[in-house]
Every structure is written in C-alpha cells, then in structure tokens.
1. Considering only residues that are crowded, with 16+ Cβ neighbours inside 10 Å and within 17 Å of residue 113 (Cβ to Cβ), which ones fall in segment 173-194?
2. Filter segment 124-161 down to the residues that are part of a loop (DSSP other than H, G, I, E, B) and crowded, with 19+ Cβ neighbours inside 10 Å and list them by number.
3. For residue 121, are the conditions met, namely being touching a strand residue (DSSP E or B) at 6+ places or on another chain (Cβ under 8 Å) and either without any contact (Cβ under 8 Å) to a residue 40 or more places away in the chain or exposed (fewer than 15 other Cβ atoms within 10 Å of the Cβ) (or both)?
4. Got a number for residues in segment 234-250 being closer than 24 Å to residue 121 by Cα and surrounded by fewer than 15 Cβ atoms within 10 Å (Cβ to Cβ)?
5. How about segment 177-229: which strands (runs of 3 or more DSSP E) wholly inside it have at least 1 residues that are within 24 Å of the chain's Cα centre (by Cα)?
C-alpha cells in the first residue's frame, strides 16, 4: 500500500490532469471566499477536528479544487445574452406599426373614383387670361385659342379620376369632355399627391396639395414643371387644380 504522501501526490497529479482547468484568479477567489466566510458555531460540534488524517486532507483538497473549477467555469463562461440567437424584444418596447394596407389607407386621403369640380364661366376665364400680369401678349393670344376660352361657350368644368395608381385629369366645355394629361399617382403623405408623367426627355413630377373638407376636396398646385417651362402651362395647371372644390361622384 502506498504511503500517505504518495496518495496525496497522486491526487494532486489527477487534479492537474483534469479535462478543465480554472484560471488562477478564480481559484484564488474561491479559496479566499472559503477562508473569509464566517461559520456559525454549533454547540454540539467542535470548531475543528483535533486531528485530520492524510486521506481527509486529500478529500478536502479535492473538494476545494472542484469548487474552484466550478467557480472558474462560471466566471469565464460566455455571456448567454450574447451567444446564439438574440432574444426578441418585448412587444411593449417595439412601437406598433400599422400593416401595409393600413398605412396605405392612412396616407391616401382620397378613395378611388371620379371627382368633379365646380362649373366656371368661360367669360371669367377669358377675363383672367387678360388680367394675368406674368403672361406675355403672345402667351395670352395662345391661351385665348384654347377650347376653354372660346367666347361662344358658356361653362367649363374640371374632373380628375383616381384608379389605383392611375391618375387622369381633364375638363368639359359645355358637356364635351377633353383629357388634359395622364400620370402615375402616389401619396407622399396624407395631404400631398405626387404625379409622375412620362415625357421623351424624362419623367416630370407634379406635387399637388390636398385638403379634404367633409365630402369635398380642394387641390393646390405646389409644383408643376413643364418640358419647356412655359408660362402657358403654368396658367393651365393653376386653372385645372384650382377649379375645386371637387366632389366624388356616387
């Protein structure tokens, strides 16, 4: 049978050859915690055994080493919160977002349909052409040849149609309809309509302000670029979009 020192040395060798080794600072922390932890003294148990044989010392060393290894593994293990799939955020911390259909409904203040403006007297349009200061004489002469400025006509009415993203604006003169332009429509927000028309030189974008009042809507031309930046196109645009309020046909 081996002597006590051989048994103790063998036990130490076994601990050193273990599959996992705790860092020195973890072992020291564990030993320091054991040494500093206050013990409640039981009156029936002596404070320490009067003598401890070598086998008992080995058992104590093994126990301390196991505790130290376990503490070291716990202190050095990867943070569970940073390894593997991240936990989903609590629903209370995520701002609720409307579904795409709800968002589209919120941004589109106008349902699809045909909207008709008020009837305007042709005589009033002719007077407006002649009174507009930023129109040249040439511009005025050109506009006075348009269908909406013929002195033998009486009423002018603007309409526009929304059909999904298709947009058409036109007018009628004494009941005879004429289309002015077609475009692709999208709502930038609840009060701005963006119209995009395709021209050989590139797309043209028009922004239109929208103000809904009950069952009617008023349109305001915010920007209206034209291929040649013509003053006559500006006048026609303001005439068309300013012909509200527009009412949706049932």
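Read-outs: derived from the displayed coordinates by stated rules, not from any lab. Computed from a predicted structure; not experimentally measured. Note that each Cβ is placed from the backbone with ideal geometry, even for glycine, and that neighbours are counted across all protein chains shown.
1. If the condition is that a residue be crowded, with 16+ Cβ neighbours inside 10 Å and within 17 Å of residue 113 (Cβ to Cβ), then 183, 185, 187, 193 are the ones that fit.
2. Initial filter on segment 124-161 (part of a loop (DSSP other than H, G, I, E, B)): 132-136, 144-146, 150-154.
Hit for segment 124-161 is 135, nothing else.
3. On the way: touching a strand residue (DSSP E or B) at 6+ places or on another chain (Cβ under 8 Å): yes; either without any contact (Cβ under 8 Å) to a residue 40 or more places away in the chain or exposed (fewer than 15 other Cβ atoms within 10 Å of the Cβ) (or both): yes.
Judged against the criteria, residue 121 is a match.
4. First, the residues of segment 234-250 that are closer than 24 Å to residue 121 by Cα: 234-249.
Adding the requirement that they be surrounded by fewer than 15 Cβ atoms within 10 Å (Cβ to Cβ) leaves 242, 249.
Summing the residues that are closer than 24 Å to residue 121 by Cα and surrounded by fewer than 15 Cβ atoms within 10 Å (Cβ to Cβ) in segment 234-250 gives 2.
5. Working: elements: 192-199, 202-213, 216-223.
Because the criterion is at least 1 residues that are within 24 Å of the chain's Cα centre (by Cα), the strands (runs of 3 or more DSSP E) in segment 177-229 that meet it are 192-199, 202-213.
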